[in-house]
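Novice: Structure provided below as structure tokens; questions to follow.
The values are calculated or read from the model by the stated rules, or taken from the named source; none is laboratory data. Note that the structure is predicted; figures quoted are calculated from it, not measured. Cβ coordinates were reconstructed from backbone atoms using ideal geometry, including for glycine residues, and neighbour counts include every protein chain displayed. Please note that ligands, DNA and RNA were not included when accessible areas were found on the heavy atoms of the full protein model with its side chains. Shrake-Rupley method; radii C 1.70, N 1.55, O 1.52, S 1.80 Å.
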Amino acid sequence: MPPKRGGKKKDDKKDEGNKDSQEPEIPCGPVTYVVGGWSKLASLAEAAALAGGEDAVLVNSNVELTERLAIDKPLTIIGNGAPADRPNLAGGFTSTAAAATISNVRFSGPDSGCSVEKGRLAITDCLFEGATNLLSLYPYSEASVRDCHFSAPVKACVYCYPHSKGAVVGCTMRGGSNAAGTTAGVMMDNSAAKVENCSFEGLTTGAFVFSEGPLEKGEAAEVATVQGNSVRGCPGTGILLGPASRAVVARNEVEGSGYWGIDAMEGASVTLTGNTVADKVRIRKGALPVLQRNTFRAQLIDGNDRGTVSLEERY
């Protein structure tokens, strides 16, 4: 049973001769519920049900839980232990809370894909690996994802659905051998997400900005931000800007791409500023990006008749 909060102190005169029988007063305040290991709580659902809005759930080190966690109220979820010993929540999570936080937890396995369906979620120093989409941000949800490690997705490390928001900052994203086809670090479908200071390596595409569904009459696509990232060793395209996409692509370093360092497709409305690209850059017919102070070390192939000097290094 959880401790009673703010229990009343018994009358001193009534219990003067029997002080040992008094119930100790437990001050009000946040409580931490521990799951796994020595704790009597073996279930995340049980701990989450007991926890109040200011409480925390601490999952012991080297614990593996296969249940899927439903985060439906403000909670702080913390993994105990060093990075190599962090607990594995192999069932992933679904978050619908107005605000919640998760840190130092591993999500590993084919069923470990996590989703933020609505509300806000802050994720720090977590590891995601092995699911189809390792982390999905649903329409109108918002997430702050910082200093996390993503590897071996079947499809995408982070998939951002239309009108999702948030920031993916300082994360590492790596490919793996379990992919059924093409993989991407971040896929942003008409999303206003920002991807900053991340490292991409060994994925088919590092960052893919696109707008899959038809837009409403008069509606413009959301503007995604891809800046300050390192994109290396992608067998496909480093940064792919799909039809009707809108994005600010700035201060990225791209090299070792199999096809294109940056590929702006027809209808892409993007600004490319201060990027350094060692691979070929392609601007397809119908794409009219704004190019400012970029360094393209290989050929720029421009499908538009605008008088661009294709072999010039800086644009």
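Novice: Which residues, taken from the stretch 295-309, are in a loop (DSSP other than H, G, I, E, B), closer than 15 Å to residue 263 by Cβ and at pLDDT below 90?
Specialist: First, pick out the residues of the stretch 295-309 that are in a loop (DSSP other than H, G, I, E, B): 297-299, 303-309.
Now narrow it down to the ones that are closer than 15 Å to residue 263 by Cβ: 298-299, 303-304.
The answer is 299, 303, 304.
Novice: Of all residues being among the charged types (D, E, K, R) and under 21 Å from the mean Cα position of the chain (by Cα) in the stretch 237-264, which is surrounded by the most Cβ atoms within 10 Å (Cβ to Cβ)? Just the residue, please.
Specialist: As a first pass, look at the stretch 237-264 and keep what is among the charged types (D, E, K, R): 246, 251, 253, 255, 263.
Now restrict to residues that are under 21 Å from the mean Cα position of the chain (by Cα): 246, 251, 253.
Values: 246: 19, 251: 16, 253: 17.
The extreme case among them is 246.
Novice: Taking the stretch 105-152 only, how many residues are farther than 26 Å from residue 56 by Cα and within 13 Å of the chain's Cα centre (by Cα)?
Specialist: Residues meeting the conditions: 2.
Novice: While we're looking at this one, here's another question. Among the residues of the stretch 131-171, what is the count of those that are touching a Lys or Arg at 6+ places or on another chain (Cβ under 8 Å), farther than 18 Å from residue 198 by Cα and either open to solvent by less than 10 Å² (accessible area, probe 1.4 Å) or acidic (Asp, Glu) (or both)?
Specialist: The qualifying residues number 2.
Conditions tested, residue by residue: (1) modelled with pLDDT of 95 or more; (2) among the hydroxyl-bearing types (Ser, Thr, Tyr); (3) over 13 Å from the mean Cα position of the chain (by Cα).
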{"position": "172", "(1), (2), (3)": "yes, yes, no"}
{"position": "175", "(1), (2), (3)": "no, no, yes"}
{"position": "181", "(1), (2), (3)": "no, no, yes"}
{"position": "185", "(1), (2), (3)": "yes, no, no"}
{"position": "190", "(1), (2), (3)": "no, no, yes"}
{"position": "200", "(1), (2), (3)": "yes, no, yes"}
{"position": "205", "(1), (2), (3)": "yes, yes, yes"}
{"position": "211", "(1), (2), (3)": "no, yes, yes"}
{"position": "214", "(1), (2), (3)": "no, no, yes"}
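Novice: Looking at (1) touching a Gly at 6+ places or on another chain (Cβ under 6 Å); (2) of a type in the set (A, V, I, L, M); (3) open to solvent by 10 Å² or more (accessible area, probe 1.4 Å), find the lone condition where residue 277 falls short.
Specialist: Unmet for residue 277, out of (1) touching a Gly at 6+ places or on another chain (Cβ under 6 Å); (2) of a type in the set (A, V, I, L, M); (3) open to solvent by 10 Å² or more (accessible area, probe 1.4 Å): (3).
Novice: What is the residue count in the stretch 83-96 for residues that are farther than 22 Å from residue 118 by Cα and open to solvent by less than 50 Å² (accessible area, probe 1.4 Å)? It would help to see each step written out before you state the result.
Specialist: Within the stretch 83-96, the first condition is being farther than 22 Å from residue 118 by Cα, and the residues that meet it are 83-88.
This time we only want the ones that are open to solvent by less than 50 Å² (accessible area, probe 1.4 Å), so: 86-88.
So the answer is 3.
Novice: Kindly indicate whether any position in the stretch 55-75 is over 22 Å from the mean Cα position of the chain (by Cα), more than 22 Å from residue 134 (Cβ to Cβ) and open to solvent by less than 10 Å² (accessible area, probe 1.4 Å).
Specialist: Yes, there is a match, as at least one residue in the stretch 55-75 is over 22 Å from the mean Cα position of the chain (by Cα), more than 22 Å from residue 134 (Cβ to Cβ) and open to solvent by less than 10 Å² (accessible area, probe 1.4 Å).
Novice: Next up: Residue by residue through the stretch 38-60, note down the ones that are closer than 15 Å to residue 99 by Cα, among the small types (Gly, Ala, Ser) and part of a loop (DSSP other than H, G, I, E, B).
Specialist: Answer for the stretch 38-60, where residues must be closer than 15 Å to residue 99 by Cα, among the small types (Gly, Ala, Ser) and part of a loop (DSSP other than H, G, I, E, B): 51, 52, 53.
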